[in-house]
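Since the structure comes first, as structure tokens, the remarks are kept for the end.
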Amino acid sequence: MEANWRGILALCLLIPVAHGAVNESTLRHHHFSYGPLNASLDYTPEFSRGSEETRGIIPSHHEPHLIRSSVIFGLTKVANSSNVSPSCYNHLQQVQRGILSKQPWAMKVLDASGTKPSGFVFGQNYWLGSREACRGVQRPVGITLSRNYERKMHYSILTQSAPFSMDYRVIYLRHRSPWQVEIKVMSEQVLHIGLCLPSACDSEEVKQIARDYVSGGTFAEDDIFDMRPEVLYMKDLKLSNRFYQRLTFKLVVGSVLATGALMVCAQQLRVAKRGNEPDLGLAPVESEIWQILDTLLQWQPLQSFVSCFDVVNNWNKISATRQNQPGEIPIMNGLRSICAFWILIFHVVWYMYFTVHNKTVLISYAEKALFQYVSTAPLLVDVFFTISGFLQTYNFLRNAKQLEAVRGNGLWGNMKLYGKLLFHRYLRLGPLYLVVVGSVDLAFSYIGDVSVYHINERFDELCTQHWWRNLLFIQNLFDHRELCANWSWSLACDMQFFLLANLMLFVYAKHPKTAKVLTLTGLLATITWSYGIGINYKFEFSFDSTYATGTQIYTSPFVRILPYIVGAIAAWCLQEQRFLFEMTERQNRRLWHYSIWVFLGCIYSTVKRDLGHLITISLFVLGRALFSLTVCWMVVGSAKGSGVWWSRLLEAKCFQHLNRLSYAIYLLNPLVIALVYSLTSASTHADPFMLSVVCCGFALIVYLVSIVFSLAFELPYSNLSSLLLRRQGKSKAS
């Protein structure tokens, strides 16, 4: 026996070790210190003598266990010349022999491919293995290890590469196991199995042998957890050429290039206007192109248009802070800014759900009292609706000239004025919104190809089919599962409420009593409608019920208009001065503190989620009405100059800057969060402490991205809208 062992060691010393360009120190240590331990052990007749453990070969009685527990090894066993190509079959057989003979490269293949981890019952469906380890099968691992320390390791796991090309791919299987908590929020019962496979095997071949493997009764997890898996599809995680052929790719790239060119022209125009004054911007360009542009920019209308894209001026507008002026309502800046970031935190948790491997634990956190401020954050959308309804009515009633025009116009004149208001609203909101929609289409097309995750919401497919709904701001009128950039439902609601509010205000200018009756009727109608829908669908505060009734309740304009109407009524009361009454300083402070307690009470009202249907819908409808009233009190109180210490914090000057970015933050944060999560290589773990750190990181990233998008696609068109309004005012005056 001793002679046999010596013979094996001598033979190992003669076998060349496969290695690549790794660090010299590691290679020297490998060759001169541990050569006998690191040689490649091919499964050849020379190793037929001696025990299997001594030879470094997996014992034959372990092979059935490997077939049942390791998907990659199981696939090599079910592959045959009839279901895969000859080259694929040959390479899979080499992988199988390499694993059985414990060749280092094959052991890395086995290790890089996914197997079942713990936590399946609570949602661990990500058997991803290691994408980096599969890359290590292709090339030596560049790591420096000192020769001064003895290590009990096979150095060939660093240096030995596969004899043929390997790829990391992910195959997706839908399971039907009753041994996993089913939350019913989209499709969570999809296994993600990462496989390090020979490149010679195409996806259709792998899917076929995977079907044979899971249907052949050899998949151990199927027996234990009653999975009954079904192969859905496979990804090679490579970007397809179709990405560059998409219409949105051309449109978004064209928009970015055109905006960049306009910004450069605006900067050149700024320099040219200053003449010989020193400036840190671009110097005048003595070229034929610039001479042509310079000639064109002599035309005043074009010069005015280009100036709207002046980055310096726009940045000054975004970053400027000043003392609050009489007639302003400064608390709105704080409310909008804080709610925008508050909803961002909710989206961090929402999109984490699709990459987290303990979904049940994440949902259980959301139901705890401590985390209600996150799980009920969607209620904060009502803050924006309330403020929007208030401002729309308040500004309209304060504009005496416009009121007189409405009263003096006939039907055609008011239709033109109504169209002008709509045009300027669209001009201010549309460009940034449409660029974000195009970016969403591109981003989800990209992650659909390269992300290891099964993407539940394929916005690239939905936007291609339903882009016109977003263009017309009517996407919320359709099923919530069909929405392109589904978080934009509230923007569509806001646009529809704007149109309806303007119509009511036009009627009010001519027939005040009729407008009042219609407004109160609308308020009662939305309350009645909400009750009817909630009772009919047996609405509950549980997450599965909330998601299932998204179309009928969550995104429905007939339900969500309630806070908008409340805000509009509050603005009318303030402007018409119908509810003024004297209060002492103490009463005023008490009312302010009472309002914040009611505000927080509404946020925490869903801590118990298994109430009866009637109680639930009553809490939903009346609670939202009370919530909107507290916001109205804060706004009206700020407009009148009253307040307490916490309201003064919301009126701080720093919120002026954040408020100007709130629209971009609202539109961009789901896109940024979903993109970052989707590009990770391993599933995440729901942990409250790390979640707080992640939220801070996302808040900073979204803030910086919002500045860029706002400078490029929001402020220039807001400037253009103001420019057109000034010109129209001058033309009427002349």
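Given a 1.4 Å probe, how much area per residue of segment 522-564 is accessible, in Å²?
Accessible area per residue, segment 522-564: 42 Å².
Sequence neighbours fewer than 8 away in the same chain don't count; with that in mind, list the lysines whose C-alpha is under 17 Å from Lys416.
Of all the lysines, those that pass the test against Lys416 - Cα under 17 Å, at least 8 places apart if same chain - are Lys401, Lys510, Lys732.
Nearest-5 percent of antiparallel DSSP beta bridges in the chain?
Taking every DSSP beta bridge with both residues in the chain, the antiparallel ones total about 80 percent.
What whole-number value in Å² describes the accessible area per residue of segment 581-658 for a 1.4 Å probe?
In whole numbers, segment 581-658 has 53 Å² accessible per residue.
Can you work out the FRET efficiency for the pair Gln325 and Leu471, with r the C-beta to C-beta distance and R0 = 41 Å, to the nearest 0.05?
0.65
Got the relative contact order for the chain handy, in percent, Cα pairs under 8 Å and 6 or more residues apart?
Working: 979 pairs, mean separation 117.4, N = 734.
Value for the chain: 16 percent.
Provide the FRET efficiency to the nearest 0.05 for the Leu600-Val253 pair, computing r from the beta carbons and using R0 = 51 Å.
Calculated transfer efficiency: 0.65.
Could you give the accessible area per residue of segment 403-515, probe 1.4 Å, as a whole number in Å²?
Here the residues of segment 403-515 average 41 Å² of exposed surface.
Report the Cα centroid-to-centroid distance between segment 439-479 and segment 102-148 in angstrom, as an integer.
33
For Ser165 and Thr521, compute 0.36 nm times the residue count separating them, minus their Cα-Cα distance, and round to one decimal in nm.
Length difference between fully extended and current span is 121.1 nm.
Can you compute the helix-only [θ] at 222 nm over the chain? Use -39500 (n - 2.57) per DSSP H run of at least 4 residues, normalise by all residues, nearest 500 deg cm²/dmol.
The helix contribution divided over the chain gives -20000 deg cm²/dmol.
Going 7 Å from the Cα of Glu367 toward and past its Cβ, which residues in segment 175-200 have a backbone nitrogen under 12 Å from where you end up?
Residues passing the 12 Å test: 182-183.
Between Arg407 and Leu232, what is the label-point separation in nm under the 7 Å Cα-to-beta-carbon projection?
Here the answer is 6.2 nm between the modelled labels.
Specify the angular offset, from 0 to 90 degrees and rounded to the nearest 10, of the alpha carbon long axis of helix 411-450 from the longest principal axis of the alpha carbons in the chain.
Here the helix axis deviates by roughly 10 degrees.
Percent of accessible area on the chain owned by carbon and sulfur, 1.4 Å probe?
On the chain, the fraction of accessible area on carbon and sulfur atoms equals 63 percent.
If each of Ala261 and Glu482 carries a label point 7 Å out from its Cα toward its Cβ, how far apart are those two points in nm?
Rounded to a tenth, the inter-label distance reads 3.8 nm.
Scan segment 421-477 for trypsin sites (Lys or Arg not before Pro) in coil per DSSP, keeping those whose Cβ has at most 16 other Cβ atoms within 10 Å, and list them by number.
Arg458
Of the listed pairs Lys116/Lys184; Lys608/Lys640; Lys513/Lys640, which have alpha-carbon separations greater than 30 Å here?
Working: Lys116/Lys184 22 Å; Lys608/Lys640 37 Å; Lys513/Lys640 27 Å.
Table pairs above 30 Å Cα-Cα are Lys608/Lys640.
Cys201: net charge of surrounding residues, Cβ under 11 Å, Lys/Arg +1, Asp/Glu -1, itself excluded?
Cβ neighbours under 11 Å give a net charge of -3.
In nm, what is the difference between 0.36 nm times the number of residues separating Gln303 and Val181 and their Cα-Cα distance?
So the extension gain works out to 37.7 nm.
Please list, or write none, the lysines whose alpha carbon is within less than 24 Å of the alpha carbon of Lys152, excluding same-chain residues fewer than 8 places away.
By straight Cα distance, Lys152 reaches Lys102, Lys108.
If packing is taken as the average count of other Cβ atoms within 10 Å, what order do 407-417, 225-235 fall into, highest mean first?
225-235, 407-417
The values are calculated or read from the model by the stated rules, or taken from the named source; none is laboratory data. The structure presented is a predicted model; accordingly, all values stated were derived computationally and were not measured. So basically every Cβ, Gly included, is an ideal-geometry build from the backbone, and we count neighbours across all protein chains shown. Remember, those area values only see protein heavy atoms, side chains included, never the ligands or the DNA or RNA. Shrake-Rupley method; radii C 1.70, N 1.55, O 1.52, S 1.80 Å.
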